[in-house]
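**Q** Following this message is one structure expressed as structure tokens.
None of the figures in this text is laboratory data; all of them are computed from the coordinates on show. The structure displayed is predicted, hence computed values, not measured ones. Cβ placement follows ideal geometry from the backbone for every residue including glycine, while neighbour counts extend to all protein chains displayed.
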Amino acid sequence: MRKLIGALSVLAILLSSGCHHGKHHCNSGIVFNSNSIKKVEIYVTAENTTDRLTKKHTLVFGSPIEPNEKFVSIIIDPDKQFQTIEGFGGAFTDASAETFYKLPEKEQANIIRNYFSTDAGIGYTLGRTHINSCDFSSDSYSYANASDTALKSFSISHDKKYRIPFIKAALKMANNNIKIFASPWSPPAWMKTNKDMLHGGKLKSEFYHAWANYYIHFVNEYKTAGVPIWGLTVQNEPLAVQTWESCIYTAEEEKDFVKFHLGPALHNAGMKDIKLMVWDHNRDVIYSRVKPAFDDPEAAKYIWGAGFHWYEGDRYDNIRLVHDAYPDKKLLFTEGCVYPFEFDKINEWHWGESYGTSIINDLNNWAVGWTDWNLILDETGGPNHVGNYCYAPVIADTRSGEVHYMNSFYYIGHFSKFIRPGAKRIICSSTSSKLLSTAFLNPDGKLAVVVMNSTDKEINYNVSLLNKAVKTISPAHSIITLMLIP
């Protein structure tokens with residue numbers, strides 16, 4: 001027995017040491033050998049240049065430089081690993097699908113390749129879609145006839161015209177490596193207190209069971225159509241009474257719906273592996289909204305995590321607070337866009353910087369992925385059946401067939417192309433508030449460091465890894481990805 005205890009003690013020391021012969025890891029982390037890095041590739045997107053995810057040059061490591069006014073340091077430490085990345089992506093809305101199919105076939109192929117190819121494009125691996133209509137639909141609709149609580153009339157025929165073919169084209173390009181999650185904007189009008197899919201209202205208690213089964217039907221029908229569903233959110237923006245499709249839940253109501261209806265329905269249908277998310281609204285009140293569900297063991301056992309948006313202040317610290325309080329729950333950015341839409345402003349640089357700022361801060365505060373809103377919109381910022389127009393990273397002028405890639409497309413690409421599913425966030429410390437940064441260790445051993453400069457001046461800096469560093473320059477209003485490659 002004494003020998004056994006001694007052996008277990010040695011094993012515990014070995015497991016906790018985390019560093020052996022230049023190799024670094026943490027529990028359930030990715031093993032990293034700092035001596036294996038042979039080169040650093042630099043990819044740049046910068047204002048007032050033609051650089052758009054442009055590979056500029058390859059660097060080699062030298063000696064680190066002590067931080068000073070002329071040289072900022074980005075310090076990375078792969079020995080300290082944090083959350084695992086699920087992916088990056090955007091939303092397959094009706095508006096995006098309808099716009100896509102108004103374009104020439106050549107432009108359709110380009111869009112699919114540019115978004116979903118890991119080699120020629122930015123390699124999206126997450127996709128959101130909607131259950132029933134949303135504001136970015138040309139009309140308001142649901143999948144089941146009035147008073148059909150048994151859902152015998154349930155049909156996704158509406159989605160088979162544009163949306164499902166669009167999703168399947170993306171899945172084909174990505175070799176089926178896209179995690180699709182779905183969100184309802186509203187139950188059918190006949191299930192609601194205001195008898196309207198729009199303008200808020202609540203789900204009537206007598207329809208809780210039927211509405212829970214509605215999700216099951218949706219997942220089954222999409223799977224049959226060739227689109228597997230990876231995750232669900234309970235309700236899009238459950239605190240907002242909108243002029244478009246919306247439905248209000250208090251935190252207690254959302255918890256009880258999951259606890260007594262949706263959670264059991266998913267498990268009874270053999271769908272317990274679907275990633276169920278609560279909240280799906282802004283960062284501002286996320287902690288108080290998820291607390292009732294996460295504190296209730298019978299509700300929490302069904303919940304994978306929480307989704308969040310960016311429309312009410314930054315408050316990135318609120319995301320970290322949820323992680324600190326509930327480290328077993330995941331945090332996924334599920335929607336963000338910039339607005340109001342004006343076609344002649346699509347080239348303004350600040351749009352992309354809004355994306356870069358959010359993505360870096362969300363990732364550094366424990367988000368496991370980041371999902372943009374519409375993948376494509378037309379020259380009006382729609383279509384949208386309530387006039388709620390906005391920008392998308394790809395704007396297609398359906399009058400001419402011309403497609404415009406906003407700089408937000410490239411800003412997202414600096415993350416999605418280089419930080420792959422399964423990557424682990426690592427320590428990334430900037431010595432200057434003028435450079436935002438984050439860093440990830442990919443499963444293949446490549447290190448991705450993203451550095452963003454939103455100032456009017458170029459900044460000299462070095463990326464320091466243990467006892468070596470690379471020295472380079474961040475142009476004014478730029479985003480750079482440095483790939484440290486074995």
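**Q** Give, to the nearest whole percent, the P(r) tail of the stretch 183-318 beyond 22 angstrom, counting all Cα pairs.
**A** That fraction is 35 percent.
**Q** With a sphere of radius 15 Å drawn around the Cβ of HIS158, what net charge do the other residues whose Cβ falls strictly inside it have (Lys, Arg +1; Asp, Glu -1)?
**A** Local net charge: -3.
**Q** Summing +1 for each Lys or Arg and -1 for each Asp or Glu, what net charge is found among the other residues whose Cβ lies under 12 Å from the Cβ of SER416?
**A** 0
**Q** Gap in Å between the Cα centre of the stretch 315-370 and the Cα centre of the stretch 29-73?
**A** 24 Å
**Q** Then there's this: Report the convex hull volume per residue for the stretch 296-365, counting only C-alpha atoms, in Å³.
**A** 100 Å³
**Q** Continuing with the same structure: Counting each DSSP H run of 4 or more residues in the chain as -39500 (n - 2.57), what helix-only mean residue ellipticity at 222 nm follows after dividing by all residues, to the nearest 500 deg cm²/dmol?
**A** -7500 deg cm²/dmol
**Q** Take every DSSP beta bridge whose two residues both sit in the stretch 312-458, then give the antiparallel share in percent to the nearest 5.
**A** 70 percent
**Q** While we're looking at this one, here's another question. From the cross-link list LYS102/LYS417; LYS56/LYS457; LYS55/LYS102; LYS38/LYS70; LYS275/LYS446, which pairs have alpha carbons spaced over 31 Å apart?
**A** LYS55/LYS102
**Q** Work out from phi, with θ = phi - 60° and the Karplus expression 6.51 cos²θ - 1.76 cosθ + 1.60, the ³J(HN,Hα) of each residue of the stretch 39-54, listed in order in whole Hz, and give x for Gly and Pro.
**A** Here the 3J(HN,Hα) series is 8, 10, 9, 10, 10, 10, 10, 9, 5, 6, 9, 9, 6, 9, 6, 8 Hz.
**Q** Next question, about the same structure. Count charges around ALA476 for me, please; just the other residues with Cβ under 14 Å from its Cβ, Lys/Arg as +1, Asp/Glu as -1.
**A** -3
**Q** Please work out the Kirkwood hydrodynamic radius for the chain, using every pair of different C-alpha atoms, and report it in angstroms with one decimal place.
**A** Computed over Cα pairs of the chain, the Kirkwood hydrodynamic radius comes out at 23.6 Å.
**Q** Quick check: Cα centre of the stretch 450-486 to Cα centre of the stretch 277-310, how many Å?
**A** 36 Å
**Q** How much space per residue, in cubic angstrom, does the convex hull of the C-alpha atoms of the stretch 380-486 take up?
**A** 164 Å³
**Q** Tell me, LEU198, LEU321, LEU484, LEU435 in order of fewest to most beta-carbon neighbours within 10 Å?
**A** Ascending number of Cβ neighbours within 10 Å: LEU321, LEU435, LEU198, LEU484.
**Q** I need MET452, MET406, MET271 ordered by Cβ neighbour count within 10 Å, fewest first.
**A** MET271, MET406, MET452
**Q** May I pose another question? Using packing as a proxy for protection, rank 108-116, 340-348, 361-369 so that the peptide with the highest average count of other Cβ atoms within 10 Å comes first.
**A** 361-369, 108-116, 340-348
**Q** Calculate how many DSSP beta bridges within the chain are antiparallel, expressed in % of all such bridges and rounded to the nearest 5.
**A** Bridges in the chain that DSSP calls antiparallel: roughly 60 percent.
**Q** Related question: Using packing as a proxy for protection, rank 30-40, 224-234 so that the peptide with the highest average count of other Cβ atoms within 10 Å comes first.
**A** 224-234, 30-40
**Q** Mind pulling the angle between the C-alpha long axis of helix 316-325 and the longest principal axis of the chain? Nearest 10 degrees, somewhere in 0 to 90.
**A** 90 degrees
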